[in-house]
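Visitor: One structure, as structure tokens, below. Some questions next.
The values are calculated or read from the model by the stated rules, or taken from the named source; none is laboratory data. A quick note: this is a predicted structure, and the numbers were derived from the prediction, not measured. In this analysis, Cβ positions are derived from the backbone assuming ideal geometry, glycine residues included, and neighbour counts consider all displayed protein chains. Heads up: the accessible areas ignore ligands, DNA and RNA and are worked out on the full protein's heavy atoms, side chains in. Shrake-Rupley method; radii C 1.70, N 1.55, O 1.52, S 1.80 Å.
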Amino acid sequence: MSMTREQDVFKSEKLQEQVAELEAFVRSAAKDGQPIHEVERGLWRRLRLMGHEALGLFLHLQGQGDLGEAVTLPTGATHQRLEELHERRYVSIFGEFRLQRVVYGSREKQKIEFVPLDNRLQLPEGVFSYVLQDWDQSLCVEQAFRQASATMWRMLEMKQSVDSLEHMNQEMAKEATTFMLNRPQPEEEGEIVVASADQKGIVMRRQADDPPKAHRTKGEKASQKRMATVATVYTVDPYRRTPEEVVAALFRDAPEPSRDRPRPQAKEVWASLPRDEKPGSGIEAAYAWMVGELFLRGRATDKPLIFLGDGQEALWQARREWLPQRAVDILDLLHVTPRLWKAAHVFHQEGSQEAEDFVRERVLRVLQGKVTGVIRGLREMATKHGLVGANKKTIAGVCAYLQANRERMRYDAYLQAGYPIASGAVEGACRHLVKDRMERAGMHWTIPGAQAMLDVRSIYVSGLWEEYQQYRIERETERLYPHRPFVLEHSIYAMAV
């Protein structure tokens, strides 16, 4: 029996011993009446050890990747086998391994041109296995890096530094934009395409040359924020309602009508920060993604296109620059109602029935397409009551907002067509995508770190995590191992055994 075969048998026997010990543990635990949670812990610890042994056996069976003194690749290039074995660290969910590999090149200390074993195993570019990267980052997109590190320790008893998790996150983000814009059109789509955008601030980490000030002037913030522009695209079927039904739903007079309300389909989100101190670059990047989602992927080719937003002029300006004129602009109704409440509280006490009736009447008129009349009526009331000071300024501000957005407030036509009139999707995205992960107590980000997290989290929130993991592995394999089929044909496994 060869030494290789003897080692294989030894390893197999050790694995079999671990299986026998596992069964003995279970029988003993049952006999002794151990609590089930203690049995679970014992099983998990033993299964990890068995996994390490089994994966070690798998790696041993691959050999060292020796294809002879020289190898000629399909490209025609010929490389020589170097004298020394080269070690590579590999960290899996079962623990760490040190792989000894034959490598090919011109000579030692020169660039390594070809590593057959890496090709055969389809190793990742870094030291961490694809499975471990998946598990790590699926925690990191929801938890702080330090918390994710602690969670992985509890699960696998594996130490991973915060720096390594941050670096892994940035590496995972590299293919995110390409992935999002090169996916096929969703199989199930609604009849209407809705695009929307909003902004949310993220606290940035101070630079080394920008220490905190001993005293801040009035209005100066302790921390510096960058505004992330969040874009979302989804489709939905028409949902026709009357103005009266909308008012009843807003004031919760009655439950939603019995007919089923269409649900948004294939909702996808993206967020971009400004780059290189260039004003508006975050908005540009978000709208560029939106255009790709709508037209590169063909989602808005033959469907009505709606753009929903609040009154932020920079976002409407970007809409005019990036989206086609045929898009229907709709001001989010939920950005109108708070202003009507502000106006009501100028004339009536907060919490009073009179204030509610004031708002009800004007919301109904706005939904009926009578916003011009509402503006005129508010101005007449301000004059009639002789408003001065802050109250006069409040009514003037409400009227100016409604006047500036009146062309986006044709709610009677929107409701008749079944269009959505509230941008809950992007509001929710701002909260879930940005705030829930990026604005926790004490968090401060660098621009590259924050953008990487936004990229990876956008994929996670869009429900595309598994698809993206497979995509990036395939892309990395194509880049790193174009000669993998050639290696597989030469059957390194057969040489090893």
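Visitor: Residue by residue, what Karplus-based ³J(HN,Hα) values in Hz, rounded to whole numbers, does region 305-319 have, using 6.51, -1.76 and 1.60 with θ = phi - 60° and x for Gly and Pro?
Guide: Those phi angles translate into 10, 10, 10, 9, x, 8, x, 6, 5, 4, 6, 6, 4, 5, 4 Hz.
Visitor: Another question, if that's okay. Just to verify a number: FRET efficiency for Ile112 and Phe58, C-beta to C-beta distance, R0 = 22 Å, to 0.05? Could you put the intermediate results ahead of the total?
Guide: Values: r = 24 Å, r/R0 = 1.07.
Once rounded, the FRET efficiency stands at 0.40.
Visitor: Another question, then. Can you give me the angle between helix 465-480 and the longest principal axis of the chain, using Cα atoms only, in degrees from 0 to 90, rounded to the nearest 10?
Guide: That helix lies at roughly 50 degrees to the long axis.
Visitor: Sort Glu87, Glu189, Glu108 from largest to smallest accessible area, using a 1.4 Å probe on the heavy atoms of the protein chains.
Guide: Heavy-atom accessible area, descending, gives Glu87, Glu108, Glu189.
Visitor: Taking all protein chains in place and a 1.4 Å probe, what share, in percent, of the accessible surface of region 130-201 do carbon and sulfur account for?
Guide: 45 percent
Visitor: Continuing with the same structure: Given that just one value was derived from the coordinates, which of [x] 59, 27, 24; [y] 36, 26, 22; [z] 34, 32, 23 is semi-axes √(5λ) of the Cα gyration tensor in Å?
Guide: Step by step, semi-axes √(5λ) of the Cα gyration tensor in Å for this structure corresponds to label [x].
Visitor: Based on alpha-carbon positions alone, could you give the equivalent ellipsoid semi-axes of region 306-348 from the gyration tensor, as √(5λ), descending, whole Å?
Guide: 28, 10, 6
Visitor: Mind ranking Tyr460, Tyr468, Tyr90 by accessible surface for me, highest first, 1.4 Å probe?
Guide: Descending order: Tyr460, Tyr90, Tyr468.
Visitor: Turning to a different aspect of this structure: Rg(Cα) of region 100-211 divided by 2.2 N^0.38 Å?
Guide: 1.55
Visitor: While we're on this one: What is the percent carbon and sulfur in the accessible area of region 375-497, measuring with a 1.4 Å probe over the protein chains and ignoring ligands?
Guide: Values: 3230 of 6080 Å².
Here carbon and sulfur together make up 53 percent of the probe-accessible area.
Visitor: For region 47-160, what are Rg and Dmax over the alpha carbons, in angstrom?
Guide: For region 47-160, the Cα-based Rg and Dmax read 17.3, 50 Å.
Visitor: If you average the C-alpha positions of region 144-186 and of region 79-119 separately, how far apart do those two centres end up, in angstrom?
Guide: 26 Å
Visitor: Would you mind checking the tilt of helix 3-32 against the longest principal axis of the Cα atoms of the chain, expressed as 0 to 90 degrees and rounded to 10?
Guide: That helix lies at roughly 60 degrees to the long axis.
Visitor: Given an 8 Å cut-off on Cα distances and at least 6 residues of separation, report the relative contact order of the chain as a percent.
Guide: Contact order relative to length: 19 percent.
Visitor: If the chain between Thr242 and Glu356 were fully stretched, how many nm would it gain, using 0.36 nm times the residue separation less the Cα-Cα distance?
Guide: Contour length minus Cα-Cα distance gives 39.0 nm.
Visitor: Any chance you could list the semi-axes, whole Å, largest first, of the equivalent ellipsoid that the Cα gyration tensor gives for region 266-396, using √(5λ)?
Guide: Values: eigenvalues 282, 66, 33 Å².
Here the semi-axes work out to 38, 18, 13 Å.
Visitor: Please report, in whole Å³, the volume per residue of the convex hull around the C-alpha atoms of region 341-424.
Guide: Hull volume over Cα atoms, normalised by residue count, gives 104 Å³.
Visitor: Let me ask another. What FRET efficiency would be calculated for the residue pair Ala314, Ala390, taking the C-beta separation as r and a Förster radius of 30 Å, to the nearest 0.05?
Guide: For Ala314 and Ala390, the calculated efficiency is 0.65.
Visitor: Taking K and R as +1 and D and E as -1, what net charge do the other residues with C-beta under 13 Å from the C-beta of Glu361 add up to?
Guide: 0
Visitor: While we're here: Over the Cα atoms, compute the radius of gyration (one decimal) and Dmax (the largest Cα-Cα distance, rounded to a whole number) for region 428-497, in Å.
Guide: Cα radius of gyration and Dmax of region 428-497 are 19.5, 57 Å respectively.
Visitor: Please give the per residue accessible area of the chain, computed with a probe of 1.4 Å over protein heavy atoms only, in Å².
Guide: Details: 26760 Å² over 497 residues.
I get 54 Å² per residue for this part.
Visitor: For Cys399, what is the net charge nearby, where nearby means another residue's Cβ is under 10 Å from its Cβ and Lys, Arg count +1, Asp, Glu -1?
Guide: Spelling it out: positives minus negatives among the neighbours equals +3.
Visitor: So how tilted is helix 447-461 from the main axis of the chain? Cα-based, degrees 0 to 90, rounded to 10.
Guide: 90 degrees
Visitor: Using the scaling law 2.2 N^0.38 Å as the reference, what is the normalised Cα Rg of region 370-497? It would help to have the intermediate numbers written out before the result.
Guide: Details: Rg = 28.5 Å, N = 128, 2.2 N^0.38 = 13.9 Å.
For region 370-497, the normalised Cα radius of gyration comes out at 2.05.
Visitor: Here's something else I'd like to know. In the full protein assembly as shown, how much of Lys14 is accessible to a 1.4 Å probe, in Å² to the nearest 10?
Guide: 90 Å²
Visitor: Could you calculate the contour length gain from Leu364 to Ile473, that is, 0.36 nm times the residue separation minus the distance between their Cα atoms, to one decimal place in nm?
Guide: Here the segment from Leu364 to Ile473 would lengthen by 33.9 nm.
Visitor: Whenever you get a sec, line up Arg252, Arg379 from highest to lowest accessible area (probe 1.4 Å, protein heavy atoms). Spell out each step's value before the answer.
Guide: On the way: Arg252 205, Arg379 120 Å².
Result, largest first: Arg252, Arg379.
Visitor: If amide hydrogens are placed 1.01 Å from N in the peptide plane, which non-local residues have theirs closer than 5 Å to the one on Thr446?
Guide: Residues meeting the criterion, in which the H sits 1.01 Å from N, are Arg205.
Visitor: Sticking with this one: Cut-off under 18 Å on the C-alpha distance; same-chain residues fewer than 8 positions from Lys159 excluded. Which aspartates and glutamates are left, in chain and number order?
Guide: Lys159 reaches Glu96, Asp134, Asp136.
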